[in-house]
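The values are calculated or read from the model by the stated rules, or taken from the named source; none is laboratory data. Since the structure is predicted, the reported quantities are computational estimates derived from the model, not experimental observations. Using ideal geometry, Cβ is built from the backbone for each residue, glycine included, and neighbour counts are taken over all protein chains shown. Areas reflect the complete protein model, heavy atoms only, side chains present, ligands, DNA and RNA absent. Shrake-Rupley method; radii C 1.70, N 1.55, O 1.52, S 1.80 Å.
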Amino acid sequence: MDISGLNIAPTRKPLIRLFAERAVERVEGLRIVDYCLCLSGGYVVVEGARGRAMGFAHIPHEDLHDVGDVKMPKLEEMPEFVIDINPLNRVLGVAMLNAVSQYHLNEVKPASIDSYLNEEPICLIGNMYPLAERLRAQGRKVWVFERSPYLRMKAMSDVEEEILLPLCKTLAITGVTLLNFTLDRVLQLSNGLNILTGPTAGVHPDFVRGTKVHILASMKFNIEETIKHLKLGNYVSLSIHKNLGIPYAIDLRT
């Protein structure tokens with residue numbers, strides 16, 4: 001399939017493109033010093049006068065294909081990377097977005113999303129299995145939706161979101177929705193509290209304000225430890241891999 005010469009930009013600007021356009025305005029003085037597409041996730045490390053920062057994005061294996069060439073990441077091309085036809089370029093684009101975000105993010109205090117998981121049904125968009133099992137053990141009403149058939153343990157398909165998300169009171173939304181253009185629809189369907197969470201959700205609060213995202217929860221990475229972890233083929237979980245950095249939650253409503 002030859003897509004050269006095609007204008008593949010979406011007719012409606014997705015949120016991820018908006019976030020990247022806001023981030024690219026803050027790349028002056030930054031340069032990429034390391035990047036990798038590892039087995040389970042990709043990372044980008046940027047460096048500037050204040051030191052280094054790392055951005056991460058999980059690789060959505062269920063969406064991978066070989067249409068379009070994978071490119072070297074360039075900060076100034078971030079808005080094009082995040083909507084690229086090749087999923088691996090989108091991984092690098094979101095990793096760049098998160099790296100720039102983390103560079104400009106002030107010091108964070110350790111925190112989780114637990115204090116926000118109050119009103120039920122609690123809906124998990126993405127099968128965050130440890131969180132789902134903990135909520136079930138507490139007797140909470142929890143619905144889980146998962147796009148990948150390989151990760152659908154005790155979870156529904158994402159097609160059921162169309163009928164059930166409007167009923168959810170609290171939504172924990174995986175940052176992987178930034179990679180597959182589903183965040184926009186999830187927020188459109190939601191009538192509840194929207195928590196964008198996970199290591200892929202490391203977007204700066206300033207880039208997200210004005211949307212229906214109410215809480216941002218991610219991780220400020222310990223760069224060297226995380227790189228070693230990823231190069232061994234591992235994935236990253238906020239609840240399991242707290243040794244890799246500082247998990248945080250930021251309330252955008254304040």
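Some notes on this structure:
- Proximal lysines relative to K71, as straight alpha-carbon distance under 28 Å, when same-chain residues fewer than 8 apart are discounted: K13, K220, K228, K231
- Each DSSP beta bridge with both residues in the chain is either parallel or antiparallel, and the antiparallel ones are about 55%.
- Note that segment 138-148 has calculated 3J(HN,Hα) couplings of 7, x, 7, 7, 10, 10, 10, 10, 9, 6, 7 Hz, one per residue in order, obtained from phi through the Karplus relation 6.51 cos²θ - 1.76 cosθ + 1.60 (θ = phi - 60°); glycine and proline are x.
- Here the label points at R253 and H65, each 7 Å from Cα along the C-beta direction, are separated by 4.0 nm in the simple model.
- Share of carbon and sulfur in the accessible heavy-atom surface of the chain [1.4 Å probe, %]: 52 percent
- With all protein chains kept in place, the per residue accessible area of segment 149-254 amounts to 44 square angstrom at a probe of 1.4 angstrom.
- If you take the Cα centroid of segment 122-153 and the Cα centroid of segment 187-226, the two points sit 18 Å apart.
- In terms of accessible area, using a 1.4 Å probe and ignoring ligands and nucleic acids, K220, K242, K74 rank largest first as K242, K74, K220.
- Counted by Cβ distance under 15 Å from P199, the other residues give a net charge of +1, where Lys and Arg count +1 and Asp and Glu count -1.
- The DSSP beta bridges internal to segment 38-181 are antiparallel in roughly 45% of cases.
- Normalised alpha carbon radius of gyration of segment 1-130 [divisor 2.2 N^0.38 Å]: 1.18
- Probe 1.4 Å, all protein chains present, accessible-area order of T254, T174, largest first: T254, T174
- Applying the criteria of a DSSP loop state and at most 16 other Cβ atoms within 10 Å to the trypsin sites (Lys or Arg not before Pro) of segment 121-190 yields R140, K141, R152, K154, K169.
- With Cα atoms, 0 to 90° folded angle of helix 87-104 axis to the chain main axis: 90 degrees
- Neighbourhood net charge (14 Å Cβ-Cβ; Lys/Arg +1, Asp/Glu -1) for R50: +1
- Each Lys and Arg Cβ is given +1 and each Asp and Glu Cβ -1; about its Cα centre, the chain then shows a dipole of about 680 debye.
- Distant-in-sequence amide contacts of W143, defined by a placed amide H-H separation under 5 Å and a gap of 5 or more residues or a different chain, comprise I122, C123, L124.
- Cut-off of 10 Å, at most 10 other beta carbons, DSSP loop: longest stretch of the chain lacking such GluC sites (Glu not before Pro): 108-254
- Largest to smallest principal axis extent of the C-alpha atoms in the chain, angstrom: 48, 43, 37
- Cys with no candidate disulfide partner in the chain (beta-carbon separation under 4.7 Å rule): C36, C38
- Estimated 222 nm signal from helices in the chain, with DSSP H stretches of n ≥ 4 weighted -39500 (n - 2.57), rounded to 500: -7000 deg cm²/dmol
- 5 Å-binned pair-distance histogram of segment 93-229 (Cα, whole percent): 2, 10, 20, 23, 20, 14, 9, 3, 0
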